[in-house]
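Enquirer: One structure, as structure tokens, below. Some questions next.
The values are calculated or read from the model by the stated rules, or taken from the named source; none is laboratory data. Computed from a predicted model, the values in this text were never measured in an experiment. All Cβ positions, glycine included, derive from the backbone under ideal geometry; neighbour counts span all protein chains shown.
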Amino acid sequence: MSPVDPTHASGEVLLAGGRVLDPASGLDDHLDVRIVDGRVAELAASLTGGAGADVVDVTGCWVTPGFVDLHTHLREPGGEAAEDVATGSAAGAAGGYTALCAMANTAPVCDAVPIADMVWRRGREVGLVDVFPVGAITKGLEGRELAPFGELAASAAGVDFFSDDGIPVADALVMRRALQYATAFDAVVCNHAEDPALTADAQMNEGAVSSVLGLAGWPREAEEVMIARDLILAAGVGARLHVPHVTTAGAVELIRAAKHRGVRVTAEVTPHHLLLTDDLVASYDPVLKVNPPVRTAADVEALRAALAEGVIDAVGTDHAPHAPELKDQEWEHAPCGMLGLETAFAVLNTAVIAPGILDPLTAVDRLTRGPASVRDVGGHGGGLAVGADACVTVCDPGAVWTVDARALHSRARNTPYHGYELTGRPVHTLLRGRFTLRDGVVQTQEVAA
């Protein structure tokens, strides 16, 4: 069990008039939610707050379990010029998240207990979200020697999810050993789905647009070959495999077939791969440069359908902040990555909920129970049953807003949605009954670890 900060808010909060969407119980109804001392105490129509209760009118809003992100780059330690645990946690709270999984490609790499425990403790100190470190698969992300999975699993941080994200484990023998090693702890291995031999100097999705723009193409086969290899290896040793940021229709078919065969595989898709397409790269705006790249409209359609079907289990943001002096370069020199935490719900709502591709309860599932089924996140995403920790998100699905990069809570500004008009936005986030976002304002405060 991954540890979390046990602090619960004291007192009573009553969320009144909202539509409760709880995938864990299948609940979709207009109910009030009473929270007492940081736990869900009652769900019923027309509740009355007790003496001193904090009554919040959430009419017209959705009340859901707190969102869980399997794929966040918080950059601390070593990359604080772009982001740190405090600013990333603030972005998470603003986006409706109560749990973030911090990727291992920091400096130093999260391949040892002191780094994992430091990241976990910083999350507790900041107190806006629970931060669950991701351990590296290999030492130094070098793809040769395995990181000490056992030590990381036994640490205070309780690491049960391992990834060299951003760098694929190209050696099949190393990957097979990692999968075998992980089975001893029922841990999950998440390999960056890219065959590097096929992506040397690649700049964008390979296709008609890359040919016109004269940019080196990033073939879909690079993703699909690596996924196919890893599915075969995971099936052979009975390991748990998670496929990050799926982008192609072919990858969807591979994962669907593997699930039908009983392979222990889960998968995620990013909001930006559900909305953005490669024709946008004609602007040469480096904010659109991301790994894996944005693909074609046909791929976007396949990803949306797979998310609705459940072939893809979760939405993961791949929130990847970069300092302006690095991202604001010519396309060929700019690093890959874009922000995602604060716009995830709005993009999901705009791309798949409002058009009717996903019903609201299913969409909330992919932000909560889906990611929580992949790794242990200390009860987050588990539902709004009486007695459960009150990790809650309240969203206004009809809120229309224009994204302003300068107004985001992240230290970085590399959002591809600057100037976009999106629909839907979190208005309140509660972590064990304490508001971390209230009326759209992050309630910044550091708490005792």
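Enquirer: Has region 84-107 got at least one residue that is part of a strand (DSSP E or B), more than 15 Å from Val392 (Cα to Cα) and of a type in the set (A, V, I, L, M)?
Expert: Yes, some residue in region 84-107 is part of a strand (DSSP E or B), more than 15 Å from Val392 (Cα to Cα) and of a type in the set (A, V, I, L, M).
Enquirer: Separate question: Does Val68 meet the test of being buried (at least 24 other Cβ atoms within 10 Å of the Cβ) and within 25 Å of Leu408 (Cβ to Cβ)?
Expert: Answer is yes for this residue.
Enquirer: Could you check region 140-182 and list, in sequence order, the residues that are surrounded by fewer than 16 Cβ atoms within 10 Å (Cβ to Cβ) and free of Cβ contacts under 8 Å to residues at least 60 places away in the same chain?
Expert: Answer for region 140-182, where residues must be surrounded by fewer than 16 Cβ atoms within 10 Å (Cβ to Cβ) and free of Cβ contacts under 8 Å to residues at least 60 places away in the same chain: Gly140, Glu142, Arg144, Glu145, Gly150, Glu151, Ala154, Asp171, Leu173.
Enquirer: State whether the residues of region 318-332 include one that is of a type outside the set (S, T, N, Q), part of a strand (DSSP E or B) and in contact with a Cys (Cβ under 9 Å, 6 or more places away or on another chain).
Expert: No, every residue in region 318-332 fails to be of a type outside the set (S, T, N, Q), part of a strand (DSSP E or B) and in contact with a Cys (Cβ under 9 Å, 6 or more places away or on another chain).
Enquirer: Here are some conditions: (1) closer than 17 Å to Val134 by Cβ; (2) of a type in the set (Asp, Glu); (3) over 25 Å from the mean Cα position of the chain (by Cα). Asp186 meets all but one. Which one does it not meet?
Expert: (3)
Enquirer: Taking Val281 as the residue in question, decide whether it is surrounded by fewer than 24 Cβ atoms within 10 Å (Cβ to Cβ) and not in a loop (DSSP other than H, G, I, E, B).
Expert: Considered against the rule, which asks whether it is surrounded by fewer than 24 Cβ atoms within 10 Å (Cβ to Cβ) and not in a loop (DSSP other than H, G, I, E, B), Val281 comes out as yes.
Enquirer: Tally up the residues in region 116-139 that are crowded, with 24+ Cβ neighbours inside 10 Å and over 28 Å from Ala390 (Cα atoms), please.
Expert: Total satisfying the criteria: 2.
Enquirer: Checking the condition touching a residue at least 60 places away in the same chain (Cβ under 8 Å) and not in a helix (DSSP H, G or I), which residue from Val246, Val263, Val252 passes?
Expert: Checking each option against the conditions leaves just Val246.
Enquirer: Oh, and also: Among the residues of region 391-406, which ones are buried (at least 19 other Cβ atoms within 10 Å of the Cβ) and either outside the structural domain of Gly17 (by TED's automatic domain parsing) or among the acidic types (Asp, Glu) (or both)?
Expert: The answer is Asp396, and nothing else.
Enquirer: Tally up the residues in region 229-249 that are of a type in the set (A, V, I, L, M, F, W, C) and touching a Gly at 6+ places or on another chain (Cβ under 9 Å), please.
Expert: Counting residues in region 229-249 that are of a type in the set (A, V, I, L, M, F, W, C) and touching a Gly at 6+ places or on another chain (Cβ under 9 Å) gives 1.
Enquirer: Just to be sure before I move on: is Glu268 closer than 19 Å to Pro292 by Cα, surrounded by 20 or more Cβ atoms within 10 Å (Cβ to Cβ) and within 16 Å of the chain's Cα centre (by Cα) in the structure I sent?
Expert: yes
Enquirer: Another question about this same structure. Checking Val109 against (1) among the aliphatic types (A, V, I, L, M); (2) out of contact with any helix residue (DSSP H, G or I) (no Cβ under 7 Å at 6 or more places or on another chain); (3) modelled with pLDDT of 95 or more, only one condition comes out false. Which one?
Expert: All conditions pass for Val109, except number (2).
Enquirer: I would also like to ask the following. Which condition number in (1) assigned to a loop (DSSP other than H, G, I, E, B); (2) farther than 22 Å from Leu431 by Cβ is the one that Ser25 fails?
Expert: Single failed check for Ser25: (2).
Enquirer: Starting from region 23-41, keep only residues that are closer than 23 Å to Ala314 by Cβ, then list their pairs with residues that are among the basic types (Lys, Arg) whose Cβ atoms are within a distance under 6 Å, requiring at least 6 positions of separation or different chains.
Expert: Within 6 Å, the pairs are Pro23/Arg369; Ala24/Arg369.
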